[in-house]
């Protein structure tokens, strides 16, 4: 049943492409219907899957000569991420309600991207996973190149090429693993059981991890992310930061760690304190957390602050993954979900609610606009989103970061301290952005007051309110009652740690 | 009574009130007064339901996220219940004092009530997750209360307050997570039990190596900012003076007690031996807080800053008592045990008394500001006892209580602390007396400058307290007198808890 | 051998020749005075009909060999198996190329054009079936001469003439080299049959002259497939030739040439073959001799493959003309395909292990299948691409990148076809280009040839990533950038239909590769 999320999205994309141009309303409503349907299926699948382990949805031979199957399955991790995709899709459509330029094509690309993402999360055949992963690249390019803003063509190309290079690395890994395991099958479970020799795993693991890590915004391959997020239109930024970066992290978990677990073993020697790939990637993750936060602190463009904060938060995900213990990895998956929601909310506020009205993202200009008075909804929504992003308890981010920190303690205590520094800097840049953009103290001039009355801001629309409430509400619910997701994630992580792709 | 989740109800009532107040516009203050009044009643009710042996009562326990050791675990003992009563009373006072909120009153009172809920939540929590949630979340309403209704330099003050406290909180969080890693528990009761047998340190060392002293420092860092402990106090004067006076009442009356409460609930029970090892430097810091607070208040010209530094000084006594207690206990050294009990009783009483007194003082400052068009400098007034004798009288009582005059509530706490600390560390107590002396000088100066002397022109026609204000302030002053004369009203309920705690703490 | 056999085996070529005659008679005889589009339609229809009948003839053949003389002397032509697959591909592509003729204005000599196309196709069919050096040369010349003529067909275009001249000179020279190389091979072994050459060279062992011969042969064949460093004719020819001719060169001649290369590979360096049990030599001696002599041929191809991948992709980055871009990308794709032909287990020394048996060599068959799949699907995609380019060229007058601006507004269907085809060339799933690459690389790696083929696979994948950039440049102009003119681009309905069919096939076979793969695996 969960497989229908994929089919519906692609069918929706095709129908959108065929809609007559010039009329935006049918395109929007169809997109919303498809997104909501996908979310509903995701929720139903999530509920139905509670207590179940991995459930195979469909298994058809595709190219029997090579052992490639059209194999879709869902375990706890998949279900949670499918849920995230559904939420991000609905919110994305809601926050794109005002798009007038080539609306049907926009939603066609949007739904195609969503379909690809659903596909990645539900694939349990490595070839199929790769196919969906690559399918997702092209819509991203067009979404940014056509409907984006600052330097969009450059950003779109950079993103497409970085993603493609990352997937090229994964392809090499896939081919090598397939060949090394005897060219029998590309199923994830089969490959995990193939017990590839440790020497192969030692170079396959970093190759595939970096390949997926590029898309996950791992330092130092993250530079596409801030540029891309800033250039993308709001819905695309929400999807990029919210869901697409999670594709990379998911790949790191499911493929790199799942198939090549011995790649994380100690090398037997150490260079500058690093004694295994685990140490290397933990270091890169931590640098990402701290560097992302520090750079966000220095930005003058509001959207760049959020863009770099995404890099910082994804660092938490990657750190959680390499802790290789139950709690750290559970935290990583929860952080994937949590950050997906929160980043979506942040980009929605900054891009759609603020930028569409103020036509500027420069903090210096926003400081003079007294947005707390003129856009109270946006201001308070950002307070909530900011709190959630900082990792304050009560929201999903706290529980996730809590688990990652615990996992880090168990693995290597100094990781926790470094991550803690990142959290503190996170507070600083979020609070700085909040103050400058919404609650600045610059005095009101008479001229300024005149201007405000002459050019009042457009009122908040119902799609904006609905989208905000949806995302903030989900983060709150998960933050207050984390079991709602943890009960599904924990068994799946346990199974993965026990024997790779069980 | 036994089946009703009173503690949950206590926290819920202000939240519901906040939601209603948000949309009540002009009537928000009325909603807030009703809500806080109900909270006071509930808190007093809880106060009467405490178990006699000083242990934790009114327990509510539900599993929440077992894999993370998170339970919905609420409960109060004498200490917690007293803090609940204090928070409720101080919030009621704050809402009473805020009768001229022009700008978005609905939001203002909603934030105040949310802050009250945060206070209640943190004083009733027995699981770290729950406690930390309210600890951090209460910063948000406090920040916005300062930021949106504060004085000229409110922006930097609010930001410094927020970021500083958050930084400390992160250190606290990380340290606590290490404890979780070792024990798989976030429950204060369980952890205290483990610590009292020394098992906690063993577990931590087994899992993580010799990190216990570092964890203790991390935990202390979190509280150091909140209490505050010198030299982490620099956020306080700015925040207290820029915040509108009713908000300052809340900050000094109740929020500052969260830090001390945390030291008593978390730091001392779990990290007793580590604190005992660091006792001397910590006492130095406590003494510095006391003395510096007093000295700095003497140098201020702004009444709010005078009282802000004075708050630091008064909380310093709590720190003095807390750190002095941390000596290895002998079961048969009854004198030492008695001193520790006295000090601890004093600390808890001081928390309550200072809360009431400081809140009252800032209320009076608010009244001064309102009646003279915003003036609050110490030199701006003079001879007010002529046009406003009742005002002078009531404020005088509050000031003397802050000074520590016997017969008023301020004396009792300080007396017990000094009595206990003197035999535990005579140097610290001796040096701290300096603080008492300087405070006395400051308070007397204030009295002299504000109430005595010539009446400046702009204070002509300074109206005295009208009936409403008298009705509002009188109970507070009466409380000060009551507790000053009959401290056993509180001590009888607090002392069992003190004995219970000391019996379970290990240094 | 008797003439009945000869006719049977060469039936497809014969049908094409008959079609040639028919076209010429109809066009120059009956339709002399008719309007251009009528003549066009007639000629194209006849040509397509001829291809269809020829296709039927190909299908009817089973696996067989045409031998010359009684026993012992080896085959001249083969039928069935992969030969028939390649021949079918050639015929289909020829038919599609002929359809592209609609609406083209470059010449009035329709009949002659179609006739030359069909004759060249016949040459291609011969090459695909050839098993003998002389037959190879005949087929190659038939194909090449036809292609030179086709390139020059746009009489009013100077570029066309220049391109044809370059192509002809270059081609003539490489043909000379090829013949020279062939003559050496004959001199060394005394036979022109491929299998016998291998057998006799194995027995006599390697000699320097043999490797010289091989280099010469590579020069000759490399020119045909436009591999580095024999690729210099390609950009000019692709740019100058009229669109259907360019499409033909890009597709059919590649398919034919690679079919030939597959034949060479299977006969020479991929399998010890010939008559192993004859002459009293033991199996072991033969295989040892084989390993000393033949697998090393592939090294030259590996170098050429790597060079083509790099040069082709990097040069394409700088192009502003879409035709030249397609030319350089063709060079790059040839690089990828050659990798499949050149990978051999010998590079890890595995092949020299003691356990010789025939079964251990079968994996190479799978690689050949992958190569054929890639060539066929690439050729199909290229025909489609040239079709789109031709339409745009006709409307805007030029094939520069900027003539594609705003294509999605001017003709959404055409833009969609362009999207599908170019993404397939870039290797984006679920299109067939991706599967072709994946299949090929998987097959190469499964040979366990060691570090060298593996690094080349890595290089290929990296270069594919580079290629995405320039394909996106074209798509960017079609979809993203603002158009200069918004007038509708008109396309002949049959052309639209054919382009849509090609795009659909690209998508369909990409999603269900076994549709084509099963047929290929059959051999």
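A short reminder: the numbers here are calculations on the coordinates, not readings from a lab. Predicted model, so just to flag it, every value in this text is computed and none were measured. Positions of Cβ are backbone-derived with ideal geometry, glycine not excepted, and every protein chain shown enters the neighbour counts.
If you take the beta carbon distance between residue C:504 and residue A:43 as r and set R0 to 30 Å, what does 1/(1 + (r/R0)^6) give as a FRET efficiency, to the nearest 0.05? Walk me through the numbers on the way to the answer.
Numbers: r = 36 Å, r/R0 = 1.19.
Working from the Cβ atoms, E equals 0.25.
For the range A:1-46 and the range A:344-423, what is the centre-to-centre distance using only Cα atoms, to the nearest Å?
Cα centres, the range A:1-46 to the range A:344-423: 30 Å.
Pop the C-beta distance of residue B:99 and residue B:284 into the FRET formula with R0 = 41 Å and round what comes out to the nearest 0.05.
It comes to 0.40.
Could you rank the peptides B:425-432, A:52-59, C:392-399, C:47-54 by their average count of other C-beta atoms within 10 Å per residue, with the highest value first?
C:47-54, B:425-432, C:392-399, A:52-59
Roughly what angle does helix C:254-267 make with the longest principal axis of chain C, taking Cα atoms, 0 to 90 degrees, to the nearest 10?
10 degrees
Please give the contour-minus-distance gain from residue B:23 to residue B:337: 0.36 nm per residue of separation, less the Cα-Cα distance, rounded to one decimal in nm. Intermediate results must be reported in sequence, preceding the final value.
On the way: separation 314, 0.36 × 314 = 113.04 nm, distance 5.34 nm.
Answer, rounded to one decimal: 107.7 nm.
Roughly what would the spin-label model give for residue C:288 and residue C:56, points 7 Å off Cα along C-beta, in nm?
5.6 nm
Quick one: helix A:24-48 against the long Cα principal axis of chain A, what's the angle to the nearest 10°, folded into 0 to 90?
Between helix and principal axis, roughly 40 degrees.
Convex hull over the Cα atoms of the range B:295-361, averaged projected area in nm²?
4.9 nm²
Mind giving me the nanometre distance, one decimal, between the label points for residue A:267 and residue C:173, set 7 Å out from Cα along Cα→Cβ?
Simple spin-label model gives 5.1 nm for this pair.
Just how far, in whole angstrom, is the range B:352-376 from the range C:216-248 if you go by their alpha carbon centroids?
Cα centroid to Cα centroid, the span is 93 Å.
Going by average Cβ density within 10 Å per residue, which order do the peptides A:351-358, A:240-247, B:408-415 take, highest to lowest?
Packing proxy ranking, top to bottom: A:240-247, B:408-415, A:351-358.
For an R0 of 56 angstrom, estimate the FRET efficiency from the Cβ-Cβ distance between residue B:52 and residue B:464 and round to the nearest 0.05. Could you put the intermediate results ahead of the total?
On the way: r = 46 Å, r/R0 = 0.82.
That pair, residue B:52 with residue B:464, gives E of 0.75.
Sorted by average packing, counted as other Cβ atoms within 10 angstrom per residue and highest first, what order do C:219-232, B:29-42 take?
So the peptides C:219-232, B:29-42, ranked by packing, come out C:219-232, B:29-42.
Which whole-angstrom value gives the distance between the alpha carbon centres of the range B:230-306 and the range A:234-265?
Going from one Cα centre to the other spans 46 Å.
For the range B:176-315, what relative contact order do you get, as a whole percent, if you take Cα pairs closer than 8 Å and at least 6 residues apart?
With pairs under 8 Å counted, the relative contact order is 26 percent.
Can you give the helix-only mean residue ellipticity at 222 nm for chain A, where every DSSP H stretch with n ≥ 4 adds -39500 (n - 2.57) and the sum goes over all residues, rounded to the nearest 500 deg cm²/dmol?
-22500 deg cm²/dmol
Report, to the nearest 10°, how far helix C:493-511 tilts away from the longest principal axis of the Cα atoms in chain C, using its own Cα long axis and a range of 0 to 90°.
Approximately 40 degrees, to the nearest 10.
Classify the protein assembly as shown as rounded, prolate or oblate from the Cα gyration tensor: take a ≥ b ≥ c as the square roots of its eigenvalues, call it rounded if a/c is under 1.5, otherwise prolate when a/b beats b/c and oblate if not.
Numbers: a/c = 3.59, a/b = 2.36, b/c = 1.52.
The shape class here is prolate.
Compute the distance in nm between two label points, each set 7 Å from the Cα along the Cα-to-Cβ direction, one at residue C:492 and one at residue B:379.
The answer from the label model is 10.1 nm.
Stretched out fully, how many nm does the piece from residue C:232 to residue C:320 gain, at 0.36 nm a residue minus the Cα gap?
Details: separation 88, 0.36 × 88 = 31.68 nm, distance 1.74 nm.
Result for the pair: 29.9 nm of gain on full extension.
Averaged over its residues, how many other protein chain Cβ atoms are within 10 Å of peptide C:475-485's Cβ atoms?
Averaged over the peptide's residues, the number is 3.
Over the whole of C:399-412, what's the average partner chain Cβ count within 10 Å per residue? Rounded to a whole number, please.
The shielding value for this peptide is 1.
What average number of partner chain Cβ atoms lie no more than 10 Å from the Cβ of the residues making up A:281-291?
Going residue by residue through A:281-291 and averaging, the value is 0.
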